[in-house]
1. Using the structure shown, decide if LEU89 is in contact with a strand residue (DSSP E or B) (Cβ under 9 Å, 6 or more places away or on another chain) and not acidic (Asp, Glu).
2. Please find, among THR88, THR106, the residue that is among the hydroxyl-bearing types (Ser, Thr, Tyr), under 18 Å from PRO15 (Cα atoms) and either more than 16 Å from the chain's Cα centre (by Cα) or within 14 Å of the ligand (Cβ to nearest atom) (or both).
3. Going by the conditions given, is THR88 touching a Ser or Thr at 6+ places or on another chain (Cβ under 9 Å) and either in contact (Cβ under 8 Å) with a residue 40 or more places away in the chain or outside the structural domain of GLY312 (by TED's automatic domain parsing) (or both)?
4. For the stretch 216-266, how many residues are of a type outside the set (D, E, K, R) and not in a helix (DSSP H, G or I)?
5. Here are some conditions: (1) surrounded by fewer than 19 Cβ atoms within 10 Å (Cβ to Cβ); (2) within 16 Å of the ligand (Cβ to nearest atom); (3) of a type in the set (Ser, Thr, Tyr). THR12 meets all but one. Which one does it not meet?
6. Hey, can you tell me all the residues within the stretch 19-35 that are closer than 27 Å to LEU136 by Cβ and more than 9 Å from the ligand (Cβ to nearest atom)?
7. In the list PHE113, PHE47, PHE82, which residue meets the criterion of being within 16 Å of the ligand (Cβ to nearest atom), within 22 Å of the chain's Cα centre (by Cα) and farther than 30 Å from PHE192 by Cα?
Amino acid sequence: MEENHFISKKATPIPWTTHWEAPSNIALIKYWGKTAPQIPKNPSLSFTLSSSVTQTQVVFEPTSPGAFDFNFYFEGVAKPDFKPKLQTLFKRIGSYIPWIQGYQLTIKSHNTFPHSSGIASSASAMAALAMCLMDLEQKLVPDLEPEFFHQKASFLARLGSGSAARSIQGPVTLWGVNKMQDRSSNLYAIPFGPDLHPVFSTYQDAILLVDKGTKAVSSSQGHQLMHQHPFASQRFLQAAANLEALVPVMKAGDLEAFIKIVELEALSLHAMMMTSNPYFILMKPQTLSIIEKIWEFRASTSIPVCFTLDAGANVHILYPQDFKIQVNAFIQDELAVFCQKGQYLLDQVGEGAKKV
Ligand code: PMV
């Protein structure tokens, strides 16, 4: 599908209020490296989470014809410093939602996960806002097909934050052209499909909060550094190959193969960071201690638990629901000590964005 397929019609402004929540997601095949506008250099695949969500209410008020402005409140407080990121989003998506002209928006947002937990909230925040916009588009342009509705929401969210494209639907989504799905696209994410093995629709993700501070190098800077990275072209091929290997594994429910690909991807992402110029390390000593403990626990119990990492020091521990009791006890007894103030979040794979 081409970009211009997503250009909507103009419409007379009407007063409208809507409220949506969208989850965070954790990539198993990592997106790291892009070209403008937010076009990934390789396909990625992620688990959509369930409890780690952003809830966003948007009040659309008709104002003077052709005018457009917005106010943004985060957790009840006006946040003018968030405005530039949203301005960039509205600039990028304006031509696809021309009906937005003539509105004053009040956007109120909050996260269910702790503020400054080191969990990236841009994916859930951009996805929740995209759903609010599509909610009004559906009212103004009736008879939108559900598939188009979700694809356009993912398309709009992607233009705010690349990985946000994967936060619209669940439980597993793929974003980026790949050989495994005929309908795959660089413009939006699509669900894995009905042949996902059931073990993955209830998979658990415990997020161990190792470092809750601001990252030394942001994701945008990290993506940028891939442009002159000496290993970039091999990395993009590796990610595509890992995705091609992972898809049949996720259909078959082969957990041993799943673990090998997922951990390889996590460490490959961080290897790219460590070999960028300038180089940087986002892992902390506790990140490595947790990884070693997971490997020991897996070897001694044969429980299929593994880790993945986002662009930060926190560790995501992934395991089937059937092992929840044993793994949660292991986290509490042996891993919480490595977390800042002993904090971690227990989440699981979810179904995607919903109306509040
Ligand atoms: O969506 P961005 O631009 O914040 O990039 C996200 C990159 C990673 O989280 C590291 C990987 C991914 O695929 O989510």
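The values are calculated or read from the model by the stated rules, or taken from the named source; none is laboratory data. All values derive from a computational prediction rather than experimental measurement. Neighbour counts are summed over all protein chains in view; Cβ atoms, including those assigned to glycine, are modelled from backbone coordinates with ideal geometry.
1. no
2. It is THR106.
3. So THR88 does not fit the description; no.
4. Selection size over the stretch 216-266: 7.
5. (2)
6. HIS19, TRP20, GLU21, ALA22, PRO23, SER24
7. PHE82
Every residue, every condition in (1) surrounded by fewer than 18 Cβ atoms within 10 Å (Cβ to Cβ); (2) among the β-branched types (Val, Ile, Thr); (3) away from the ligand (no atom under 16 Å from the Cβ), yes or no:
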| site | (1), (2), (3) |
| --- | --- |
| ARG183 | yes, no, yes |
| ALA189 | no, no, no |
| PRO194 | yes, no, yes |
| VAL210 | no, yes, no |
| SER219 | no, no, no |
| PRO230 | yes, no, yes |
